[in-house]
1. Which condition from (1) closer than 13 Å to GLY340 by Cβ; (2) open to solvent by less than 40 Å² (accessible area, probe 1.4 Å) is the one that MET273 breaks?
2. Could you check LEU107 against (1) surrounded by 16 or more Cβ atoms within 10 Å (Cβ to Cβ); (2) modelled with pLDDT under 90; (3) in contact with an Asp or Glu (Cβ under 9 Å, 6 or more places away or on another chain); (4) not hydroxyl-bearing (Ser, Thr, Tyr) and say which number it fails?
3. Taking the residues in segment 271-304 that are closer than 20 Å to SER238 by Cα and of a type in the set (D, E, K, R) as candidates, determine which candidate is nearest to the chain's Cα centre (by Cα).
4. What number goes with the only condition from (1) in contact (Cβ under 8 Å) with a residue 12 or more places away in the chain; (2) hydroxyl-bearing (Ser, Thr, Tyr); (3) in a helix (DSSP H, G or I) that THR298 does not pass?
5. Can VAL113 be described as open to solvent by 80 Å² or more (accessible area, probe 1.4 Å) and at pLDDT below 85?
6. Which pairs have Cβ atoms under 6 Å, sit 6 or more apart or on different chains, and link a residue in segment 248-270 that is under 26 Å from ARG331 (Cβ atoms) to one that is open to solvent by 40 Å² or more (accessible area, probe 1.4 Å) and in a helix (DSSP H, G or I)?
7. Say we look at segment 304-337 and pick out the residues that are of a type in the set (A, V, I, L, M, F, W, C) and assigned to a helix (DSSP H, G or I); which of these is nearest to GLN163 (Cα to Cα)?
Amino acid sequence: MSEKKEEKPDLKAGASPAAARENVVMPQATSVEKSMLSMMALDPNENISRSITNGITDEFFYVPAHRILWQLLRERHENNQKVDVTSVAQELADRNQLEAVGGHPGLMDIYSVASSSSLFETHFEILREKYLRRSIIHTADRAAAAAFANETEVEHLLDQTEQEVFQIRQSLATGKNQWSLNEDVQQVITSLERIMKKGETGLLGLSTGYEKLDRMSNGLKPGELFVIAARPSMGKTSFLLNIVEHMILDEKKPVLVFSCEMPSVQLVERLIMARADVSKQYLIAVHKPKKEELKRLTESINMMKKAPLIIDDTPSISIAELRAKARRVKRDNPELACIGIDYLQLMRSHTKQAQNSREREIAEISGGLKSLAKELKVPIIVLAQLNRGPENRPGRAKGLPMMSDLRESGAIEQDADMVGLLYRNAYYAVDDEEREREGNNANLLLAKNRNGPTGDVPLSFKAETMRFLTRVEREDDEQASGE
């Protein structure tokens, strides 16, 4: 008696190692697959188009013959060719695929189902449910196989598995938001009305609370990476918190902040004090605030209690862990509007390549943040440290930052959609006269703006409450900058 050879399961055909071991039938609905293909053949203009816009792919079909037929029907429809049974049979024969679909009898069997188009949505939901179940099984099998193989770093494996699961979850919404010209036209009308209406911005993206920055950027848009870079003590954390405060309290938008440097309680304290416009040092000195100050503090505390803010203060967080946590927050809070990170150089990447090169590590983190912004469809604001370049510049250029001062990697500049360089000239003043002249002046130099103009955003810094305010430029300043 000959020994039977063990066959390896074919994942492409819909099998799974786990299912094969347990002799379990994979989730499938072959009769529904036939019904869907029949509807496409009988009314291709309606039902093939609906299938494409609903996100149907080859993997939706469990039966290999059905997968072949779906590919051909879609291809002929896109090429404006007929999908009658005779033409389809001939092309399958020309491709040596006719027998793979069961020959003429198999093809006629599908064409003769004659399902009503009114059943399309019902059958589509069944088809999608079976596909999603198989996708979950395949993802679990791949993760299990990789874990057993012990060849992939565990953080990378976790990140990869979670990304695949997140993509499966995202596919639940496929086909629900079909493009509509009327909807786009209405959005344009609404935007124009906002522009013409007093007090409205008409921004395409999320407001930062700084009017000139909003005009130059047209708001922070989903998928964008905004890098705010500065030397230490310039106030970059304060600037990020000022933007976050505006988003959560004025715009009522949920924001997620990763604080690699400062505990969450300190961030919340700074947000409360800034909103109340009360200095903590002042409170320490006088112990008892004035009645109006106490009122503002109370109002600020009550507002912060209700604010849609999430803070994660894990120190030295890895890019893999940050991505995993951000996905979970987005899953639980679909309205998440923005992510803030303080700051990039305190993050880590634990891949083998990153361990050999700090530049490679920063490049992986930067690229990971940009891909996360696109994946979650939210803007990400990340703070970054500059090297000592500004301090080493001679003469009047002393303290003036440049994009080339970004520490450790040009990848940050490449990945970012916008780069803002924050600086305060008074910090580098050579004498008291210059320091007095500069006063509280600050600038955010928008050095890169992929979708708009670059230039200075004039600010003033109120150190007592850690707040950046919009600074109105004098006419002579504007003329000087124009020259």
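1. Among (1) closer than 13 Å to GLY340 by Cβ; (2) open to solvent by less than 40 Å² (accessible area, probe 1.4 Å), the lone unmet condition for MET273 is (1).
2. Among (1) surrounded by 16 or more Cβ atoms within 10 Å (Cβ to Cβ); (2) modelled with pLDDT under 90; (3) in contact with an Asp or Glu (Cβ under 9 Å, 6 or more places away or on another chain); (4) not hydroxyl-bearing (Ser, Thr, Tyr), the lone unmet condition for LEU107 is (3).
3. Only one residue tops the list, namely ARG275.
4. That leaves (1) as the condition not met.
5. When the stated conditions are applied, VAL113 does not pass them.
6. Here the result reads LEU249/MET303; CYS260/LEU346, each pair linking segment 248-270 to a residue that is open to solvent by 40 Å² or more (accessible area, probe 1.4 Å) and in a helix (DSSP H, G or I).
7. ALA324
Matching residues to (1) surrounded by 19 or more Cβ atoms within 10 Å (Cβ to Cβ); (2) modelled with pLDDT of 85 or more:
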site: PRO9; (1), (2): no, no
site: PRO17; (1), (2): no, no
site: MET26; (1), (2): no, yes
site: GLU33; (1), (2): yes, yes
site: LEU37; (1), (2): yes, yes
site: SER49; (1), (2): no, no
site: ILE52; (1), (2): no, no
site: ALA65; (1), (2): yes, yes
site: LEU69; (1), (2): yes, yes
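The values are calculated or read from the model by the stated rules, or taken from the named source; none is laboratory data. The model shown is predicted, which means the values in this text are computed figures rather than measured ones. Quick reminder, even Gly has a Cβ in these numbers, built from the backbone with ideal geometry, and neighbours come from all protein chains shown. The protein model used for the area step is the full one, side chains on, heavy atoms only, and it has no ligands, DNA or RNA in it. Shrake-Rupley method; radii C 1.70, N 1.55, O 1.52, S 1.80 Å.
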